[in-house]
């Protein structure tokens with residue numbers, strides 16, 4: 001089993017690492033736009049968005065978490081898929097723990113949002129790794 005971080009990989013400049021960082025920054029901007037612009041608009045005009053703006057923090061937040069973490073550790077292909085699953089399951093477990101935490105509330109829309117964010121992340125990872133397969137080795 002390969003270690004999560006090696007000094008050689010951690011300090012290496014890598015194009016995929018930059019892509020991961022740019023995705024996390026973009027996802028953060030979209031998430032915050034959804035929270036502070038779209039959510040008030042939807043609530044003000046009583047629009048039915050199937051709970052999308054209420055769960056935008058989970059949907060976008062998991063994408064930010066996944067890609068920022070992958071950029072930090074400069075994850076290999078296998079590690080990137082494992083870490084994406086790990087963080088997504090962590091979000092779901094945290095949501096189920098909400099009722100016993102102070103001021104926490106359980107919401108199925110947050111779990112659905114996390115699931116969609118995870119699926120979006122998986123699709124992006126598949127595309128990124130297919131495009132990068134000719135230029136990078138997973139063993140480093």
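The values are calculated or read from the model by the stated rules, or taken from the named source; none is laboratory data. These numbers come from a predicted model, not from an experiment. Glycine gets a Cβ as well: all are built from the backbone with ideal geometry, and neighbour counts include every protein chain shown.
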Any hit, segment 18-26, residues being surrounded by fewer than 12 Cβ atoms within 10 Å (Cβ to Cβ) and at pLDDT 85 or above: yes
Residue match in segment 29-39 (condition: crowded, with 17+ Cβ neighbours inside 10 Å, in contact with a helix residue (DSSP H, G or I) (Cβ under 7 Å, 6 or more places away or on another chain), assigned to a helix (DSSP H, G or I) and at pLDDT 95 or above): yes
Within segment 87-117, considering residues that are surrounded by 14 or more Cβ atoms within 10 Å (Cβ to Cβ) and under 12 Å from the mean Cα position of the chain (by Cα), the one nearest to residue 19 (Cα to Cα): 117
Unique match (being part of a helix (DSSP H, G or I), at pLDDT below 90 and either surrounded by fewer than 17 Cβ atoms within 10 Å (Cβ to Cβ) or out of contact with any strand residue (DSSP E or B) (no Cβ under 6 Å at 6 or more places or on another chain) (or both)) among 9, 82: 9
Number of the condition not met by residue 74 [criteria: (1) buried (at least 18 other Cβ atoms within 10 Å of the Cβ); (2) within 19 Å of residue 119 (Cα to Cα); (3) in contact (Cβ under 8 Å) with a residue 60 or more places away in the chain]: (2)
Selection within segment 40-63 - farther than 15 Å from residue 118 by Cβ and touching a helix residue (DSSP H, G or I) at 6+ places or on another chain (Cβ under 7 Å): 49, 51, 53, 54
Condition met for residue 119 (under 25 Å from residue 6 (Cα atoms) and in a helix (DSSP H, G or I)): no
